[in-house]
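Engineer: Take this structure first; my questions come after.
The values are calculated or read from the model by the stated rules, or taken from the named source; none is laboratory data. Keep in mind that this is a model prediction, so the values were computed, not measured. Using ideal geometry, Cβ is built from the backbone for each residue, glycine included, and neighbour counts are taken over all protein chains shown. Calculation scope for accessible area: heavy atoms of the full protein, side chains included, ligands and nucleic acids excluded. Shrake-Rupley method; radii C 1.70, N 1.55, O 1.52, S 1.80 Å.
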Amino acid sequence: MASRRDKRDKWASRAVQAGFLVALALAWYLATTRWGVSHLLLPNPLRVLQQLGDILRSGEFVGDLRITLTELAAAFAISATSGVTVGYLLSRSPYLVRVFEPLLAGVYAVPIILFLPLYVLFFGLGPASKIALGATISFFPIVLNTLAGFAHVERTFVAAARSMGASDYHLFRYVLLPAALPVILTGLRMGFTVALLSIIGSETIASLAGLGHRIVNLAESMEMPRMFAYIAFVVVIAALLNTIVSTIEARWTRER
Amino acid sequence: MERGAHTNPLPDPPPQAGEGTQLLCPPHYCIVPQCAFERGDISMTDDIAIRVRNVAHQFGEEGEARHVRALSDTSLDVKRGELLCLIGPSGCGKSTLLNMMGGLLAPTSGAVEVAGKPVRGPLPSDIAFVFQENALFPWNTVRENILLGMLFQGVPKAEREERAQRSLAAVGLADFAEHYPAQLSGGMRQRAALARALSLETGILLMDEPFGALDEQTRMVLGEDLSVLLSRAKKTIVFVTHSLGEAVFLADRVAVFSARPGTIKQVIAVDEPHPRKPAFMTSDKFTALRNQLYALLHDEIRKAMAEAASGAA
């Protein structure tokens, strides 16, 4: 139901965004060909593109991508189920909300990536430590949003539903859940994003495989064009995943 | 902007006490979802719909910082088929009393009876509420809101659609059934909330400042419509308001509250048949009643404001 004018504005801003990216690529190209920036620091974008083509054609990325995505899926599955469950259970008691909301918010502010050495010690260098770290880090935004979503439902909604005879099931299904859903979905989206960040990040620090691992290996062997190609690949994958998750969030929120 | 003195022949409106419109529903309000009757020995000739006997209510325990005596030793009979307005300064406990009548709040002492039976929790088949605002579920359309109310109340599925249409038509919102509350004006939202309450077909309607958040013109029109609607519906209505004019225009009787801890100071009868015409608002009778109410309330509002000021210090 967007008007023609809205559509035109949308296309105009899309054009500016595309133009900005083209200008950035051009500056990159000129920096490597004309302005004498060392190829060890910044490879020629055409060579990066060529490497990217090679990576995609050879299918070399499949193994690392599968490992990283499996870690992400496992971590997110753990944090989403535990975060939503714990958040809902805590929200049922005002006392528990008072006690745990500040506590969880406090822990959320701690950079949990600091515990990576400990996680590696516990779970080894393989995927298990990445899954555990990703699940831990993404648990907090999910549990906090679920808690807030359920605990701060407008009192009038509850009173109105009760006055009309709503049972406990009615209240949950038709009042609490729809009221809390947008907040929970935001928490899930945030959790997904930080899970992805922390998994790729921890792969670059201590790992045996995965996209982060591959990028660090290439950096250490000074294969800059190929490393840049992998970075570009990860950026595209991450953007794709975030777009999918945001779209799901927007659709669910709108359809309520 | 020029404000000519000749444009305003009416006296200045009375001072309104500070807004205290929070819903008086602490966490411990009754969560018994269904009606809890004990014994039923009512005579058929009993024409009292709601009987309030020596109820008191306090929030928090004695000695606590948050301790508030909202209502003290209040008794009141609401007659079947009448429209009773509760009016009083902010914090006098009029909303508290309304919530106790509807079983959303348990009195600290005393008892409320509906149809001769003590109220222990919400009575969805006898009592419907209209709240001040924001009581429609924003994630549902107007129609879905109404259907949901009937689902909660236990109306058979086959009847719901038809009753929803009828109640929407009664409030003049038939064309807005598929709108979301956010797409409606404040006045239309309150009409929709009223339609939801009407669809429940209860004998009693409790309205907690239903037009409180609306502008003067909208309230006047809604008040007229409500008067027409009620003259047909034969419902018992208790209506909380801040507005003297609204109370006189709508009520068969007006119960005036004293300042906190509130109790009923006096009940005034408004002897005028429904539906009431806008002309009633300019009659001498209306003005006299309004002035009488204002005189009764004036001291109480001062007292309430003084208490609020000392409480804030």
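Engineer: Within segment A:193-215, is even one residue part of a helix (DSSP H, G or I), closer than 20 Å to A:Tyr88 by Cα and in contact (Cβ under 8 Å) with a residue 40 or more places away in the chain? Full working, then the answer.
Structural biologist: In the first step, residues of segment A:193-215 are kept if they are part of a helix (DSSP H, G or I); the result is A:193-205, A:211-215.
After this cut, where a residue has to be closer than 20 Å to A:Tyr88 by Cα as well, the list is none.
Checked against the condition, which is being part of a helix (DSSP H, G or I), closer than 20 Å to A:Tyr88 by Cα and in contact (Cβ under 8 Å) with a residue 40 or more places away in the chain, segment A:193-215 yields no hits at all.
Engineer: Give just the number: which of (1) within 14 Å of another protein chain (Cβ to nearest Cβ); (2) among the polar types (S, T, N, Q); (3) more than 30 Å from B:Ser199 (Cβ to Cβ) does A:Ser167 not satisfy?
Structural biologist: (3)
Engineer: Sticking with this one: Could you list, in sequence order, the residues of segment B:205-224 that are in contact with a strand residue (DSSP E or B) (Cβ under 6 Å, 6 or more places away or on another chain) and either farther than 27 Å from B:Pro122 by Cβ or open to solvent by less than 10 Å² (accessible area, probe 1.4 Å) (or both)? Please lay out each step first, then the result.
Structural biologist: Filtering segment B:205-224 for residues in contact with a strand residue (DSSP E or B) (Cβ under 6 Å, 6 or more places away or on another chain) gives B:205-210.
Within segment B:205-224, B:Leu205, B:Leu206, B:Met207, B:Pro210 meet the criteria.
Engineer: When residues of segment B:132-146 are filtered for being more than 10 Å from chain A (Cβ to nearest Cβ) and out of contact with any Ser or Thr (no Cβ under 8 Å at 6 or more places or on another chain), how many remain?
Structural biologist: Filtering segment B:132-146 down to residues more than 10 Å from chain A (Cβ to nearest Cβ) leaves B:141-143, B:146.
Subset that is out of contact with any Ser or Thr (no Cβ under 8 Å at 6 or more places or on another chain): B:141-143.
Qualifying residue count, segment B:132-146: 3.
Engineer: If a residue must be under 27 Å from the mean Cα position of the chain (by Cα) and either part of a loop (DSSP other than H, G, I, E, B) or at pLDDT 90 or above (or both), how many such residues does segment A:22-47 contain?
Structural biologist: Selection size over segment A:22-47: 2.
Engineer: Taking the residues in segment A:172-196 that are under 16 Å from A:Thr247 (Cβ atoms) and β-branched (Val, Ile, Thr) as candidates, determine which candidate is nearest to the other protein chains (Cβ to nearest Cβ).
Structural biologist: Filtering first and then ranking leaves A:Thr186.
Engineer: Any idea which of B:Ala135, B:Ala164, B:Ala182 is in a loop (DSSP other than H, G, I, E, B) and in contact (Cβ under 8 Å) with a residue 24 or more places away in the chain? Walk me through it before giving the result.
Structural biologist: On the way: B:Ala164 fails: in a loop (DSSP other than H, G, I, E, B); B:Ala182 fails: in a loop (DSSP other than H, G, I, E, B).
After applying the criteria, what remains is B:Ala135.
Engineer: Of A:Ala109, A:Ala128, A:Ala135, which residue is over 30 Å from B:Gly154 (Cα atoms), away from every other protein chain (no Cβ under 14 Å) and open to solvent by less than 40 Å² (accessible area, probe 1.4 Å)? Please lay out each step first, then the result.
Structural biologist: Numbers: A:Ala109 fails: open to solvent by less than 40 Å² (accessible area, probe 1.4 Å); A:Ala128 fails: open to solvent by less than 40 Å² (accessible area, probe 1.4 Å).
Result of the check over A:Ala109, A:Ala128, A:Ala135: A:Ala135.
Engineer: Here's something else I'd like to know. Mind checking which residues of segment B:271-303 are closer than 22 Å to B:Cys92 by Cα and touching a strand residue (DSSP E or B) at 6+ places or on another chain (Cβ under 8 Å)?
Structural biologist: Keep residues of segment B:271-303 that are closer than 22 Å to B:Cys92 by Cα, which gives B:289-303.
Answer for segment B:271-303, where residues must be closer than 22 Å to B:Cys92 by Cα and touching a strand residue (DSSP E or B) at 6+ places or on another chain (Cβ under 8 Å): B:Leu289, B:Gln292, B:Leu293, B:Leu296, B:Leu297, B:Glu300.
Engineer: Would you confirm whether or not segment B:113-124 contains a residue that is open to solvent by 20 Å² or more (accessible area, probe 1.4 Å), within 19 Å of the chain's Cα centre (by Cα) and within 23 Å of A:Arg155 (Cβ to Cβ)?
Structural biologist: yes
Engineer: Next up: Would you mind finding the one in B:Gly149, B:Gly103 that is part of a helix (DSSP H, G or I), of a type outside the set (A, V, I, L, M, F, W, C), open to solvent by less than 10 Å² (accessible area, probe 1.4 Å) and touching a residue at least 12 places away in the same chain (Cβ under 8 Å)?
Structural biologist: Details: B:Gly103 fails: part of a helix (DSSP H, G or I).
Sole residue among the options that is part of a helix (DSSP H, G or I), of a type outside the set (A, V, I, L, M, F, W, C), open to solvent by less than 10 Å² (accessible area, probe 1.4 Å) and touching a residue at least 12 places away in the same chain (Cβ under 8 Å): B:Gly149.
Engineer: Taking the conditions exactly as written (within 21 Å of the chain's Cα centre (by Cα) and either at pLDDT below 90 or open to solvent by 50 Å² or more (accessible area, probe 1.4 Å) (or both)), does B:Gln132 satisfy them or not? Steps first, answer last, please.
Structural biologist: Numbers: within 21 Å of the chain's Cα centre (by Cα): yes; either at pLDDT below 90 or open to solvent by 50 Å² or more (accessible area, probe 1.4 Å) (or both): yes.
Yes: the conditions hold for B:Gln132.
Engineer: Output yes when any residue across segment A:153-162 is touching a residue at least 40 places away in the same chain (Cβ under 8 Å) and surrounded by fewer than 23 Cβ atoms within 10 Å (Cβ to Cβ), and no when none is. Give the derivation first.
Structural biologist: Filtering segment A:153-162 down to residues touching a residue at least 40 places away in the same chain (Cβ under 8 Å) leaves none.
Among the residues of segment A:153-162, not one is touching a residue at least 40 places away in the same chain (Cβ under 8 Å) and surrounded by fewer than 23 Cβ atoms within 10 Å (Cβ to Cβ), which makes the answer no.
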